[in-house]
Amino acid sequence: MKFNPALRFVLQGLIVSFVCITCGCNQTNENTTELSLTPKEELGKLLFFEKQLSDPVGQDCSDCHDPKLAFADRNTGLPVSKGIIEGRYGNRNDMTIAYTSFVPPLHRDTVENIWIGGLFWDGRANDLAEQAMGPPLNPLEMANRDIVSIFEKLVKLEYSGMFKEVYGPDALSNPSLAYNNMADAIAAYEMTEEFRPFTSKFDYFLKGEADLTVQEMRGMGLFVSERKGNCAACHPHTALPDGTPPLFTDFSYDNLGAPKNPENPFYSLEEDLNPEGKDFVDLGLGLTVKDAAEIGKFRVPTLRNVAITSPYLHNGVFKTLFQVVSFYNSRDILSWPEPEVPQNVNYDEMGDLGLTTQEMEDIVAFLQTLTDGWLPPQEYAIYQ
């Protein structure tokens with residue numbers, strides 16, 4: 001379906017701040033062009049896909065952050081991620097790490113008096129390097145016993161000389177320094193355009209190089225309307241002050257009233273890995289900041305690529321986008337399971353939105369326009 005230029009002008013006027021976005025007009029679609037990387041970024045990429053760094057060997061970062069799925073977990077049939085050791089699982093659904101380079105460190109916003117930023121669902125890591133240090137030592141993930149064991153693997157890598165090229169002659173002189181350099185290199189790779197391409201249909205629409213369908217346009221209207229979906233309250237659809245295209249997250253924290261996921265295999269782990277067993281309750285941000293007023297809250301994720309990053313919410317309790325939208329729409333009026341954490345639930349912005357089935361389907365259609373790797377139609381192709 002095509003929209004005439006006048007209608008497009010009206011629709012784009014609703015989101016006027018988009019007009020000035022400079023999201024890489026000369027950028028070539030990631031599916032057709034390999035990006036040029038610096039030596040540090042190249043080292044980070046090698047480490048990201050290095051299966052020698054788990055114990056036993058065989059798992060790398062991409063097992064839980066697959067580039068083909070916007071760096072989300074490739075095991076989409078599970079609510080949480082598998083570890084390298086058979087029968088071990090994490091307690092949370094892995095977030096996509098696409099666009100995480102834009103997430104600020106965890107801090108208290110002095111204007112709204114709320115927590116903002118931080119990586120992982122609970123904000124416990126302040127930056128990408130700190131985040132990269134977690135999985136290799138997590139017994140539920142890559143399961144190395146300590147940084148010394150990782151150090152012994154790093155010095156044996158066939159490309160270990162790249163550490164000295166990037167970080168100097170002492171780069172691998174001791175376990176702590178080597179581990180920090182490993183994390184820094186991975187972080188550098190995760191800040192490249194491979195993780196932040198801005199190549200969705202919606203991005204091309206903003207540049208005037210694609211049209212949204214009638215249903216997608218309806219969905220966008222519902223998404224931004226304060227009287228309907230009001231999704232943009234936490235997933236802003238406007239550009240950042242520096243012109244960065246919309247990230248569809250405000251980096252804040254919420255308790256959505258998500259129900260416990262009975263299919264989470266973490267509940268069945270042995271006592272030394274999960275002492276609480278089936279009584280385990282994920283306290284989220286509250287545990288990170290040691291504040292009862294924040295328990296049950298989790299960071300608002302980006303909605304970019306949300307159509308290909310199932311399952312959804314911190315515990316993977318929902319398998320489809322329509323289920324998520326339905327939950328937001330009717331949590332407080334239909335017989336949904338009770339919240340895992342009943343304290344601090346957001347009752348102001350969701351729970352009884354009054355959306356029809358058609359309107360929920362329209363919102364899902366709009367969300368599907370946020371998937372990267374979209375190719376513009378022939379009539380909009382730019383030849384260089």
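Values for this structure:
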| read-out | value |
| --- | --- |
| Candidate aspartates and glutamates for bridging to Lys40, where Cα separation is under 19 Å - those fewer than 8 sequence places away on the same chain excluded | Glu50, Asp60, Asp127, Glu130, Glu158, Glu165, Asp170, Asp184, Glu190, Glu193, Glu194 |
| Charge dipole (debye, nearest 20) of the stretch 37-378; +1 at Cβ of Lys and Arg, -1 at Cβ of Asp and Glu | 320 debye |
| Cα-based Rg of the chain normalised by 2.2 N^0.38 Å, two decimals | 1.02 |
| Distant-in-sequence amide H partners of Asp66 (H built 1.01 Å from N, under 5 Å) | Phe71, Ala72, Asp73, Arg74 |
| For Thr199, residues with placed amide H under 5 Å, excluding near neighbours | Gly373 |
| Relative frequency of Cα-Cα separations exceeding 17 Å in the stretch 224-329, percent | 64 percent |
| Restraint check, Lys51/Lys156; Lys82/Lys260; Lys51/Lys201; Lys51/Lys319, Cα-Cα greater than 22 Å | Lys51/Lys201; Lys51/Lys319 |
| At 0.692 mPa s and 37 °C, Stokes diffusion of the stretch 274-384 via Kirkwood alpha-carbon radius, µm² per second | 197 µm²/s |
| Which of Ser176, Ala70, Ala293, positive extreme of dipole for the chain (C-beta unit charges) | Ala70 |
| Residues with amide H under 5 Å from that of Phe318, placed H, sequence gap 5 or more | Tyr312 |
| Ranked list, fewest to most other Cβ atoms within 10 Å of each Cβ, for Asp348, Asp291 | Asp348, Asp291 |
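No value in this document is a laboratory result; all are computed from the given coordinates. What you see is a predicted model, and the numbers here were worked out from it, not measured in a lab. Note that each Cβ is placed from the backbone with ideal geometry, even for glycine, and that neighbours are counted across all protein chains shown.
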